[in-house]
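Asker: Following this message is one structure expressed as structure tokens.
Read-outs throughout are calculated quantities, based only on the coordinates presented, and are distinct from any laboratory measurement. Here the structure is a predicted model, which means the values were calculated and not measured. Please note: Cβ atoms are built from the backbone with ideal geometry, for glycine as well, and neighbour counts cover all protein chains shown.
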Amino acid sequence: MRNVIPLALLFASPLFGQTSHAYTQVYGDSVFADTAFTTYPGTSACPGAVTIAFPLGEVVDSVHVVYVFYSYPSYGGGTVAMERSLLRCTNTGLDEGALTTCTTCSPLGEHYERTTSIANGVSSGSVTIELHLGSTRSTSAPNCSVYDQVEMGLWSTTVYTHVTGAGIAEEHIGPGMAWTGSALRIGPVTGTPLLLEVLDLSGRTVWAERVGPSSGPMDVRLPEHLRGFFCAHLMGERNVGHLRFVR
């Protein structure tokens with residue numbers, strides 16, 4: 001049973017209104033090396049794979065991986081110099097185009113870390129990254145065995161994304177809300193005025209105002225200094241609305 005341990009990191013950058021997110025997962029099982037996978041092109045018969053979800057409206061910018069690959073000396077003196085690895089994105093069908101080998105070639109375990117563009121442009125709401133391991137150890141060794149492996153918890157993948165589009169609706173109950181690119185369009189609001197709050201990603205209220213009543217939609221303009229990724233909440237006795245938007 002393969003398990004994935006999710007560690008999600010979300011952050012906003014107000015610079016030029018650009019909002020970036022990072023989503024990290026640690027693979028919850030071991031990945032073993034295929035002794036028949038030693039040259040490129042090729043793939044392992046026993047790869048590991050992580051699927052990392054992100055909200056629709058975001059696009060992948062890059063993928064960063066960190067893993068430790070162990071080669072144990074049983075079966076003819078295996079060393080890290082025999083290690084081969086390759087990353088592949090199933091969404092795009094792209095791989096790295098070459099095998100990665102050790103650089104420091106330290107005894108037993110080698111630390112690998114790199115950033116790749118193989119998933120760039122994916123916007124489907126999830127991305128799957130495969131880790132293919134190979135070894136030039138003698139083929140008399142058991143294939144896909146514990147002698148060459150990335151052990152459980154030692155492969156971490158981070159997907160970096162940015163937000164696209166003028167606004168992303170999460171939920172509407174009561175009066176509608178939309179981001180026009182320059183204002184929050186609300187209404188009509190019937191009855192008593194509603195409280196409009198704008199929150200940043202930490203949940204902190206950065207601006208608030210009472211709106212309505214109105215017989216039709218109204219445009220509410222925000223202060224110019226508010227730039228980045230926000231969530232608008234419209235609250236009243238009977239009417240509640242939520243909207244995520246980027247400015």
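Asker: Take the Cβ-Cβ distance between residue 182 and residue 103 as r, set R0 to 51 Å, and report the resulting FRET efficiency rounded to the nearest 0.05.
Answerer: E between residue 182 and residue 103, to the nearest 0.05, is 0.50.
Asker: Right, something else. Given H placed on each backbone N at 1.01 Å, which residues far from residue 180 in sequence or on other chains put an amide H within less than 5 Å of it?
Answerer: Long-range HN contacts for residue 180: 185.
Asker: Let me ask another. Given H placed on each backbone N at 1.01 Å, which residues far from residue 62 in sequence or on other chains put an amide H within less than 5 Å of it?
Answerer: Amide H to amide H, under 5 Å and 5 or more residues apart or across chains, residue 62 pairs with 160.
Asker: Quick query: amide H of residue 207 versus all other amide H atoms, modeled in the peptide plane; which residues come in under 5 Å with a sequence gap of 5 or more or a different chain?
Answerer: Under 5 Å from the amide H of residue 207: 198.
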